[in-house]
1. Taking K and R as +1 and D and E as -1, what net charge do the other residues with C-beta under 12 Å from the C-beta of residue 56 add up to?
2. Test of understanding: ordering 129, 82 by Cβ neighbours within 10 Å, fewest first, what list do you get?
3. How large is the charge dipole for the range 1-58, taken about the Cα centre, if only the Cβ atoms of Lys, Arg (+1) and Asp, Glu (-1) carry charge, to the nearest 20 debye?
4. Rounded, prolate or oblate for the chain? Axes are the square roots of the Cα gyration tensor eigenvalues, ordered a ≥ b ≥ c, and the cut-off for rounded is a/c under 1.5.
5. Got a sec? How would 60, 45 order by Cβ neighbour count within 10 Å, fewest to most?
6. What does the charge count near residue 42 come to, summing +1 for each Lys or Arg and -1 for each Asp or Glu among other residues with Cβ under 14 Å from its Cβ?
7. Toward the positive end of the charge dipole of the range 39-138, about the Cα centre and with charges on Cβ (Lys, Arg +1; Asp, Glu -1), which of 52, 78, 96 goes farthest?
Amino acid sequence: MLRVASGEHLESPFAFSTTSASLPLGTWKTPGLEYFSGRMIYEKDISVPASLLAERVLLDCGEVGVVAEAWINGNPAGSRPWAPYIFEATGHLHAGVNRIKVRVANTAANARAVGEDHNILKNIDRDGWLGPVRLVPYVDREVRCHPV
């Protein structure tokens, strides 16, 4: 919140600058972020064994509040406005180090939870990125049942 006294004047527009920070997966309801409405980008380098690439692979982001958009090694893997937050990773991964990037966005409800509407915060069921995050091998098999 920016407060300017009635006798003060802003000489020119102001801008907020942001920087990268280490933020673990979890809710954004922690002190300092409880009123945050917007997007955060999470990035991580992971090592992928060649054996995992023998089949189809999915990126499962677990629990997200509310929208997730994913990139794998700079390639868009998709966006999901609701669960399940699962993305096709096959074709984007290679053996060795891979960069996973996920942008998570919440709603404007947190920003509106001020004054008389402060109780809105307790009604927000998901906020932030709770995970867990997994690369899941997906084996597509057909099973036929024969009558006995």
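Every number here is computed from the coordinates shown, using simple stated rules; none is lab data. What you see is a predicted model, and the numbers here were worked out from it, not measured in a lab. Note: ideal-geometry Cβ built from the backbone for every residue, glycine included; neighbour counts use all protein chains shown.
1. Details: positive: 141; negative: 55, 88, 140.
Taking every Cβ under 12 Å from that of residue 56, the sum is -2.
2. Details: 129 25, 82 9.
By the 10 Å Cβ count, ascending, the order reads 82, 129.
3. Values: 5 positive and 6 negative charges, 40 e Å.
The dipole of the range 1-58 has a size of about 200 debye.
4. Details: a/c = 3.61, a/b = 1.99, b/c = 1.82.
Prolate, since a/c reaches 1.5 and a/b exceeds b/c.
5. On the way: 60 16, 45 8.
Result, fewest neighbours first: 45, 60.
6. On the way: positive: 39, 44, 99, 101, 103; negative: 43, 45, 63, 69.
Once all neighbours under 14 Å are counted, the net charge is +1.
7. Selected residue: 96.
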